[in-house]
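For reference, the structure discussed in these notes is given below.
Read the figures in this text as sums done on the coordinates, not as results from a lab. Keep in mind the model is a prediction, meaning the values are calculated, not measured. A quick note on method: Cβ atoms are made from the backbone with ideal geometry, for glycine too, and the neighbour counts reach across all protein chains shown.
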Amino acid sequence: MCARNSIYTTPKPCKHLADYKLRHGFNTYYSIRNCLKTTPNGRTRVAKHTTKIPRCSFCDRYQGRLYFCLMCSSLWCPTHILLHTQSEKGHEVAIDMDRSELYCCLCCDQVYDPDFDKVVVCNQVKDLPGGSKSKTNGFEACGERSSKRKRLDSGIGLDLKKSKLLVSMRDRRAKSCYPLGLRGLNNLGSTCFMNSVLQALLHAPPLRNYFLNDRHNSIQCRKRSGEKLCLLCDIDAISSAMFSGDRTPYTPAHFLYSWWQHSSNLASYEEQDAHEFFISVLDGIHETESKIRNSGKDDGDCQCIAHRAFSGLLRSDVTCISCGFTSTTYDPCVDISLNMDTSNLSSSNANKPIKPDEKTGASTLSGCLNFFTRAERLGSDQKLHCQNCQELRDSSKQLSIRRLPLVLCLHIKRVEHSLVRKISRKINQYMQFPFSLDMTPYLSSSIVRSKFGNRIFTFEYDNSNSSAAYEIFAVIAHSGMLESGHYVTYLRLKNQWYKCDDAWISEVDEGIVRASQCYMLFYVQKLLYNEAIEDSSFVHISPRRDPFDSTAGCS
């Protein structure tokens, strides 16, 4: 797991940006709004009204990153932007043209300003279908609303202006054809990995029920702990915003900073791995709840929302080849990482995308799970000490699933490392995966029965009342190269698929989902999935009811 910062502090504002705003206010922010253009994938860029290719004012460079000076509107490459700042007093703040992010030339780093962020968000809302084309200077229309839907049903304490806003939100929600909870997330600069995982997590039925039922109350949490930063509070705020009925893209800037405090080794504006981010968020949730509960229990007995939803148990059987003695160990897990079967592909073909209708060398999820649970003979350099033979022996190892979680996360390994060439490459091979998944063949009980025969009928871990039937509800796909790519999430709500591409939400058919290069697959137990379909509003759940009581993990 990732290292953590024990001291949480409020981020210090950039002195140069503060001085700039003190001298010029928001005038420059307003003046560049017409230059902000939102691309189809939801990213906002700075595009000057000219037919010429943008180039550095010093070296005439046009490839790579360029910065737009807020004072003189000149363009500079990363090499010469500092030279411009040092020669021109007061020209310390610029804009990254590709990401629409403020950049301090003296600090040599991106800086965050909520006022500038509102300008960018207003432009994105304007460019959305049905978005307002008004060019007023007000920021009110882009204010973040974080009240839960059930709190919106009450008008107590609302003034006239807020009441009108509430009616407007209800009207938009009633006219929208999308289910409640579908809302885009603004890209804060190579944060598609974060947005894709958040979409999947917040639509996982156990986590969605947990936050919508106020199982983590932010106000009480702050009073109890006294800490300004809390990862659970930030996730609760995003969940509230997602299910508030507002369709304008939400900016999870505060959550990003809070996550940086929990995972300092991943704190940067560079693209991160979505799976690594997923693990670090679950780890952060576990850590935060453990502090609240003052609990020191192991993950297997942990009652935090992360482990109650995602925790399963793997069984590992190591068998001596000579005498047949088997040593069994159990390891908790929050996901299962699966290798893709590339044995039928050459090294050149593995890098080329294979269409789903091409039969040659196609991987399947069932094949990956069979590969994961098959017996594997360990090499001669991996001899283990046999307790029965009392010496080092050749052995075989077999994994199986002792206990299934409520939410099953399957991570597809798409990175292949070459020890000879000492390089890594992405596997662009498509994989076939079912929407309904039966995990029975991969359970420990099934593996042992198939190994020793039907004469063994009962096991200590047998639980015939539990369900191994799962339904898919989210797919995180990755496109592009290993060094630079893009993540999107496909959500399955009421048997309809929706594509979440940062700030943009669109309805897609299942063929698009099946043809995607899946990287993470999220399944939920079928009982919970059916309950989510029946509950069309997603919030009609009694606060007294524990969403985990009706279903339990299976073995």
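Couple of notes before you dig in:
- Available extension along the chain between ASP115 and SER446 is 113.3 nm, counting 0.36 nm per residue and deducting the alpha carbon span.
- Nonlocal amide H pairs with TYR519, under 5 Å, H built at 1.01 Å: ILE476, ALA477, HIS478
- Remark: spin-label model distance HIS417-ASP438 equals 3.8 nm, labels positioned 7 Å along the Cα→Cβ axis.
- Computed FRET value (nearest 0.05) for ASN339 with LEU527, which takes r as the C-beta separation and R₀ as 30 Å: 0.50
- Under Karplus coefficients 6.51, -1.76 and 1.60, residue-wise ³J(HN,Hα) of the stretch 187-199 in Hz, glycine/proline x: 7, 9, x, 6, 10, 5, 4, 6, 4, 5, 5, 4, 4
- Cα-based radius of gyration for the stretch 186-266, normalised by 2.2 N^0.38 Å, reads 1.10.
- Full extension of the chain between CYS107 and ARG222 yields a length gain of 38.1 nm, computed as 0.36 nm times the residue separation minus the alpha carbon distance.
- Applied to the stretch 213-221, the Karplus parametrisation 6.51 cos²θ - 1.76 cosθ + 1.60 on θ = phi - 60° returns per-residue 3J(HN,Hα) values of 8, 6, 6, 10, 8, 5, 5, 5, 5 Hz, with x for Gly and Pro.
- For ALA503, residues with placed amide H under 5 Å, excluding near neighbours: LEU185, ASN187
- Cross-linked pairs LYS37/LYS118; LYS397/LYS451; LYS397/LYS526; LYS15/LYS37: Cα-Cα separations exceed 19 Å for LYS397/LYS526; LYS15/LYS37.
- From the largest down, the stretch 67-115 spans 28, 19, 18 angstrom on the principal axes of its Cα atoms.
- The gain in end-to-end length when the ARG425 to SER57 segment is fully stretched comes to 128.8 nm, 0.36 nm per residue minus the alpha carbon separation.
- Close amide H pairs (under 5 Å, H built 1.01 Å from N) link SER190 with no residue at least 5 positions away or on another chain.
- Dimensions of the stretch 377-420 from C-alpha coordinates, computed as largest minus smallest value along each principal axis and given longest first, are 41, 37, 11 Å.
- Taking label positions 7 Å along the Cα-Cβ direction at both PHE371 and LEU22, the computed distance is 6.0 nm, reported to one decimal.
- Here the 3J(HN,Hα) profile of the stretch 370-380, calculated from phi with Karplus coefficients 6.51, -1.76 and 1.60 at θ = phi - 60°, is 5, 5, 5, 9, 7, 6, 10, 7, 6, x, 5 Hz, Gly and Pro shown as x.
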